[in-house]
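In what follows, a structure is listed as structure tokens, so that the remarks can point back to it.
The values are calculated or read from the model by the stated rules, or taken from the named source; none is laboratory data. Because the structure is a prediction, the values reported are computed rather than measured. Here the Cβ positions follow ideal geometry from the backbone for every residue, glycine too, while neighbour counts run over all protein chains shown. Quick note on the areas: whole protein, heavy atoms, side chains included, nothing else; ligands and nucleic acids left out. Shrake-Rupley method; radii C 1.70, N 1.55, O 1.52, S 1.80 Å.
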Amino acid sequence: MNASPAVRSLRAAVFAAVCVLLAAAGHGLAMGDMPPLWADAAGFVAVFALVRALAGRERGLPEIGIGMLLTQAGLHFGFDAARAATPAPGPAVTMTPMRIHGHAMAGMAGMGGGAGMAQLHPHVHVLTAHATVAHVVAALVASWWLRRGEAALWSLLRRTAALVPGLAAWWHDAPLPAPA
């Protein structure tokens, strides 16, 4: 039995929101600054569109877990690319810590005739073991939580359809019963 467009959209919106918030929070903790809002929005739209296409039926924990891990990896690299594309701070000469996935490094911002940090230190992407473990653990915990919500939603929809048969047409792709 396939879910209706409304149920697909609801499920996709919840999954996309959890994925983007989890990835943005993790990225912010590891990098010391949050991804730009445009990157969050782009990530949400991309995840929503992909998941909505796949949200036709109830999913089990392995499917949700694999989807969450792949989505977290994609958002990680997307947020990393957004960070690289963000302009460097102004030309003031100050000592600022540069963070690469949780590792602090000292750097001089604003040296070299007004060049910012991005010009001094090209964007380096380092995925350390502790960052990988943190991504995987967070994705697995979120997957378990989403699976519990998925089971509760489908149980509620089944019970509601048993009590009020006309509502079944709202949540799955089936025509309304013909009036007697």
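Filter region 11-45 down to the residues that are hydrophobic (A, V, I, L, M, F, W, C) and touching a strand residue (DSSP E or B) at 6+ places or on another chain (Cβ under 9 Å), then identify the one that is nearest to ALA84 (Cα to Cα). Here the answer is MET31. Restricting ALA81, ALA42 to those that are closer than 25 Å to ALA6 by Cα and assigned to a helix (DSSP H, G or I) reduces the list to ALA42.
Within region 1-39, the set of residues being under 27 Å from THR160 (Cβ atoms) and not aliphatic (A, V, I, L, M) comprises ASN2, SER4, PRO5, ARG8, SER9, ARG11, PHE15. Summed over region 4-40, the residues that are buried (at least 18 other Cβ atoms within 10 Å of the Cβ), within 26 Å of ALA151 (Cβ to Cβ) and in contact with a His (Cβ under 8 Å, 6 or more places away or on another chain) give a count of 3. Scanning region 119-143 for residues that are modelled with pLDDT of 80 or more, of a type outside the set (S, T, N, Q) and surrounded by 14 or more Cβ atoms within 10 Å (Cβ to Cβ) gives VAL136, ALA138, ALA139, LEU140, ALA142.
Here's a check for you: in region 65-84, which residue that is among the aliphatic types (A, V, I, L, M) and open to solvent by 20 Å² or more (accessible area, probe 1.4 Å) is farthest from the chain's Cα centre (by Cα)? Before the answer, list the steps.
To start, the set of residues in region 65-84 that are among the aliphatic types (A, V, I, L, M) comprises 66, 68-70, 73, 75, 81-82, 84.
Filter again for open to solvent by 20 Å² or more (accessible area, probe 1.4 Å), leaving 66, 69-70, 73, 81, 84.
Details: ILE66: 13, LEU69: 10, LEU70: 10, ALA73: 9, ALA81: 15, ALA84: 19 Å.
Only one residue tops the list, namely ALA84.
For region 50-62, a residue qualifies if it is open to solvent by less than 60 Å² (accessible area, probe 1.4 Å) and part of a helix (DSSP H, G or I), and exactly one does: VAL51.
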